[in-house]
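Take a look at the structure below.
The values are calculated or read from the model by the stated rules, or taken from the named source; none is laboratory data. All values derive from a computational prediction rather than experimental measurement. Cβ placement follows ideal geometry from the backbone for every residue including glycine, while neighbour counts extend to all protein chains displayed.
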Amino acid sequence: MKKFPDVVFRLGRRRVSSSSRAWLIHKRDYFSRMWKRDGARLLRRIEKVCGISFPRRVVEEGMVVYLYKRRKEDGDYLGDMVETSPRRINIYLAKDCSWRSVKGVIVHELIHCLMWQGYYYDLRRREVTLFEDFFADELLTCLIEQIVLGKKLDRIDYGEALDYAISETRDRIIKLRKRKKEYRKMINALRGFLRDYLRNVRSKKSDILQERRRLLLELPSPLPSILDQSDT
């Protein structure tokens, strides 16, 4: 029988009032029951539509969904994950959130997790670009989420996925400013690109249109190619 990773729901470590903690505990128990009912089917569907399986390490060690009370500073986010911690998902809840409203968010983040697990745990990581790691990552995840949930996409869905990917890419780039090492990597990559650009154009080896394409294909992702032990 096909084995999937155990997915456990836990409360995040933010301080909340006793009343908020009480309803978060209720949500945790409720989502755990719903996951027991739906989880294997969703994971099987995710693997089928993505064409890759959850790595052995993840099947053995499992995944955790952390539940938080939504705050204003969380913005429009219902959930997220950190690429370098691909066995962890964060979900931000209001008191009226139901399994129906949260299920799609969990599926979305699980797809993200699967891709990054494949990169880092199955050693599929290679030199990739900013546009692949950010824009393509968000756009494809948004579309595949709908397929996993059994929805037939129409023109509106494609437009919403495109808008979502543009917005998420912008937000992720803005967040890079707080990740100094990764942000410096981007600055240095742009400095090197412009140096090569000027040399290529001056020597008539290239022009701005060719260089624009090179920027798309070669501007490296700021994310690490391998994980430090502390990140695993």
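Please list, ordered by first then second residue, the pairs with beta carbon atoms under 8 Å, 6 or more apart or interchain, first in segment 168-186 and without any contact (Cβ under 8 Å) to a residue 40 or more places away in the chain, second among the hydroxyl-bearing types (Ser, Thr, Tyr) and surrounded by 13 or more Cβ atoms within 10 Å (Cβ to Cβ).
Filtered contacts from segment 168-186: ARG177/TYR183.
Limited to segment 64-98, what total is found for residues that are buried (at least 17 other Cβ atoms within 10 Å of the Cβ), at pLDDT below 95 and among the charged types (D, E, K, R)?
Total meeting the criteria: 3.
Only one residue in VAL128, VAL107 is in contact (Cβ under 8 Å) with a residue 40 or more places away in the chain, buried (at least 20 other Cβ atoms within 10 Å of the Cβ) and among the β-branched types (Val, Ile, Thr), so which one is that? I'd like the intermediate steps shown before the answer.
Details: VAL128 fails: buried (at least 20 other Cβ atoms within 10 Å of the Cβ).
Going through VAL128, VAL107 in turn, the sole match is VAL107.
Report yes if GLU61 is closer than 16 Å to GLN117 by Cβ and at pLDDT 95 or above, otherwise no.
Taking the combined requirement at face value, the residue satisfies it.
Among (1) hydrophobic (A, V, I, L, M, F, W, C); (2) in contact with a Ser or Thr (Cβ under 7 Å, 6 or more places away or on another chain); (3) modelled with pLDDT under 95, which single condition is LEU123 missing?
The one condition LEU123 does not meet is (2).
Yes or no, residue by residue, for (1) within 28 Å of TYR121 (Cβ to Cβ); (2) not hydrophobic (A, V, I, L, M, F, W, C):
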position: ALA165; (1), (2): yes, no
position: GLU168; (1), (2): yes, yes
position: LYS181; (1), (2): yes, yes
position: VAL201; (1), (2): no, no
position: ILE208; (1), (2): no, no
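Run down GLU138, GLU132 and say which single residue is in contact with an Asp or Glu (Cβ under 7 Å, 6 or more places away or on another chain), of a type outside the set (S, T, N, Q) and within 30 Å of GLU218 (Cβ to Cβ).
Residue meeting the stated conditions: GLU138.
Pick from LEU176, LEU139, LEU198, LEU110: which is over 30 Å from LEU43 (Cβ atoms) and at pLDDT 95 or above?
So the residue among LEU176, LEU139, LEU198, LEU110 that is over 30 Å from LEU43 (Cβ atoms) and at pLDDT 95 or above is LEU198.
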